[in-house]
Amino acid sequence: MLRFPALKLAALAVTLATAVPAAAQNVIRVGVLMPISGPASYFGVQGKEGIELALEQVNRGGGVNGFRIQVQYEDSACSPLQATNTVKRVLEQFKPHIVVGEECSDASLAIAPILEQAKVPMLNAGSATNQLTESGYKYVFRIFPNAQQQGEPLGRNAFTKLGARTAVLLHEKTNAGVDNADGFAKAFEAAGGKIVGRIDFGRDVNDFTPIATRIAAMGKVDVLPTFGLEGQQVRLSQALAQAKVVKGGGGSAIQMGSIWLPWGYDAKAGQAAVGYIRIVQFDPTEKRKMVTDFNAAFRAKYGADKTPTHINAHAYDTILLIAEAVRRGAKDSESLRDRFSKMREVEVTTGKITFDAKGQNSDLSVIHFVETQPDLSWKSLNW
C-alpha cells in the first residue's frame, strides 16, 4: 500500500468525474489538457497513467475535507491553436476550478493568459520556457524546472565535470527549444566554453543524417546539448552514432540533454544512447521512500516489468498537490491559488515543491543527472 506521510494524505479521497454525480457531493473540478494525439502523444498516455494511479491511491480515505476531485481529460495535441480552442471549451462547459497542463511550452503559453483572465489556476508539470512564469501571471504554478534552471547546471557541469570546451547546440524550433539552448549557452560561455555551432530543426524533420554529417565535418566537438521530443531525439542520436560523432558510435562527443526524455528513450535509441548525459526530474532508481513506494504501486497497477517515467511521476504529483491544497482548506479556484502560493518544501515523488512569488518551483532537489551505460541502464551522477 502506498502512503504519503509528507502530504498527510491518509484521509484524502479523489475520484474520476464519472464515478460520483457532481450534484451529490462537493467537488474540485480538474481539467487536464494533454497531448493525446500527435508526435507528443506519449505525454498523454503516460500522464493519464500517473493521474489515475494517484486517484486510485488517495481514493481509499473517504474524501478531502468533504470534497472529491473530478477529472476531465482533453486532447490539446501539443498545439497552441488546439490548446486555445480546447481550454475555452473546457472553461465554458466543465467550469474547472483548476487546469493541469499543457506539456508543451508553446501550448502552455497560449492558454496561460486565457486562464489568467478566467482566474483559474494552471498547474504545469512539463513546460520549460522561461516565459511561462516570467510574464507576471498570478494563476500559473509550475513544478517543472524552467529552461534557466535546467540550462545553467547543464552548461556549468559540461565545462567543470566533463572538461568540455566546445559545444554544438541542437534544438527544435520552439520556445522551449530556444530557451533551453540559450540557458546552456549562457552558462557554458560564462565558464569559458565556446559554442561552435547552433542547429535548429522543425518537428516535421525525420531524417537527421544531414545534420549528423554536418557535425562530423566540424572536427572534434566535446558536447552536443540536444533539446527535442523523444521520437526526434532517438533518430538524431542514431544518426550521430552512425556518423561516428558520439560515444555510442565510437566517437568522442558527449550528447547531453535536459528533462525532455522519458525513461525508455535509451532502449529505443539502443547503442546510440550510450554515454548520453541528461537531467531527469524523476529518477526511478532513487531510494527515497516516496519513490520506492510509487515504483511498487505503479508496477502493481501496470505490470511488474514497467518502470515509471518522469511524465508518470509529474502527473501523479499534480493530483497530490491539488489534494494537499484541498486538505489545507482550498475549495475553489481562488483558494487553490492561495494555498499553492504558500506551499513550501512539500514532498512529492519528483522531489520537493516550493512555489516562489512567480509560481515557479524554486527547489532544485528535483534535478538529477544520469548517464546511459553500455547495458542501457542509468548511472546516477553525483552532480
query: What does the charge add up to near residue 124, with Lys and Arg as +1, Asp and Glu as -1, over the other residues with Cβ less than 11 Å from its Cβ?
result: -1
query: How big is the C-alpha Rg of the chain next to the rule-of-thumb value 2.2 N^0.38 Å, as a ratio?
result: 0.97
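Can you sort 129, 213 from fewest to most other Cβ atoms within 10 Å of each residue's own Cβ?
Values: 129 24, 213 14.
Fewest-to-most Cβ neighbours within 10 Å comes out as 213, 129.
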task: Return the whole-Å distance between the Cα centroid of segment 76-115 and the Cα centroid of segment 291-353.
output: 21 Å
- prompt: Hey, what do the phi angles of segment 153-159 turn into as Karplus ³J(HN,Hα) couplings, whole Hz, using 6.51/-1.76/1.60 and θ = phi - 60°, x for Gly and Pro?
  reply: x, 5, x, 5, 6, 4, 6
task: Taking only Cα atoms and a 10 Å spring cutoff, compute GNM fluctuations for the chain and point out the largest among 31, 151, 62.
output: 62
query: If we count other beta carbons within 10 Å of each Cβ, what is the order of 198, 235, fewest first?
result: 198, 235
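Please report the orientation-averaged projected area of segment 126-208, defined via the convex hull of its C-alpha atoms, in nm².
Over every viewing direction, the Cα hull of segment 126-208 projects on average to 6.5 nm².
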- prompt: Of 308, 113, 210, which has the largest mean-square fluctuation in a 10 Å C-alpha GNM of the chain?
  reply: 210
message: Rounded to the nearest angstrom and ordered from largest down, what semi-axes does the equivalent ellipsoid of segment 83-170 get from its C-alpha gyration tensor (root of 5λ)?
response: 34, 11, 9
message: Taking 8 Å as the Cα distance limit and 6 or more residues as the minimum spacing, I'd like the relative contact order of the chain as a percentage.
response: 18 percent
- prompt: Under a GNM of the chain (C-alpha, springs under 10 Å), which listed residue has the highest mean-square fluctuation: 44, 177, 251?
  reply: 251
Length-normalised contact order for segment 275-383 - Cα pairs under 8 Å, 6+ apart - percent: 32 percent
field: Taking the C-alpha atoms of segment 148-280, convex hull volume expressed per residue in Å³
entry: 86 Å³
- prompt: Quick one: of the DSSP bridges fully inside the chain, what percent are antiparallel, nearest 5?
  reply: 25 percent
query: In whole Å, what is the distance between the alpha-carbon centres of segment 25-58 and segment 163-183?
result: 30 Å
- request: Would you tally the net charge around residue 104, using a Cβ to Cβ cut-off of less than 12 Å, leaving residue 104 out, and scoring K and R as +1, D and E as -1?
  value: -3
field: Structure-based [θ]222 nm, the chain - -39500 (n - 2.57) summed over DSSP H runs of at least 4, per residue, nearest 500
entry: -12000 deg cm²/dmol
- prompt: Could you put 355, 144 in order, starting from the residue whose Cβ has the fewest other Cβ atoms within 10 Å?
  reply: 355, 144
message: Given contacts defined as C-alpha pairs under 8 Å and at least six residues apart, what's the relative contact order of segment 148-280, whole-number percent?
response: 25 percent
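Throughout, read-outs are computed from the coordinates displayed, never taken from laboratory work. Just so it is clear, the structure is predicted and the values come from calculations on it, not from any experiment. Quick reminder, even Gly has a Cβ in these numbers, built from the backbone with ideal geometry, and neighbours come from all protein chains shown.
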